[in-house]
């Protein structure tokens, strides 16, 4: 199982990935993280009670890594703490992601879910984020089990 430790100005968010349900989306996030792409970027769109979105190099929601990845829609629902790929339409994801504050069933089958917060502390950090809060670093951890 692959995990991420996302350090923010507000604290640590621990995520576990849905490796088998969204392998290409996970691999994309892992590569961008290992390349330092997310380091210093902001959560540019935070809607309390809904979600926190980050991963735009421009900080406006209009940027990405310079390429698009296909959606990997799966059966994992958008629960509190779910990590999902943001997009501007089917197969237009790249680097932007969001983490749900609460269940968002209207997003099921629309966005690729590819991870989940590991614990309540991580979810509380997600809920405490505000527009402009920074991602300090993302560390990827692979568990051979």
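Here residue 101 fulfils each of the conditions (1) in contact with a helix residue (DSSP H, G or I) (Cβ under 7 Å, 6 or more places away or on another chain); (2) over 19 Å from residue 25 (Cα atoms); (3) surrounded by fewer than 18 Cβ atoms within 10 Å (Cβ to Cβ) apart from (3). For region 43-54, a residue qualifies if it is without any contact (Cβ under 8 Å) to a residue 60 or more places away in the chain and either surrounded by fewer than 15 Cβ atoms within 10 Å (Cβ to Cβ) or in contact with a helix residue (DSSP H, G or I) (Cβ under 8 Å, 6 or more places away or on another chain) (or both), and the qualifying residues are 47, 49, 50.
The set of residues in region 1-42 being within 18 Å of residue 87 (Cβ to Cβ) and part of a loop (DSSP other than H, G, I, E, B) consists of 18, 21, 22, 37, 38, 41.
Restricted to strands (runs of 3 or more DSSP E) entirely inside region 62-145, those with at least 3 residues that are more than 11 Å from the chain's Cα centre (by Cα) and either in contact (Cβ under 8 Å) with a residue 12 or more places away in the chain or on the phi > 0 side of the Ramachandran plot (or both) are 135-142.
Just one of the listed residues (115, 64, 132) is surrounded by 16 or more Cβ atoms within 10 Å (Cβ to Cβ) and touching a strand residue (DSSP E or B) at 6+ places or on another chain (Cβ under 7 Å), and it is 115.
Any read-out appearing in this document is the output of simple, stated calculations on the displayed coordinates, not a laboratory observation. As the structure is a computational prediction, the values presented were derived from the model and not from experiment. Every residue, glycine as well, gets a Cβ built from its backbone with ideal geometry; the counts of neighbours run over all protein chains shown.
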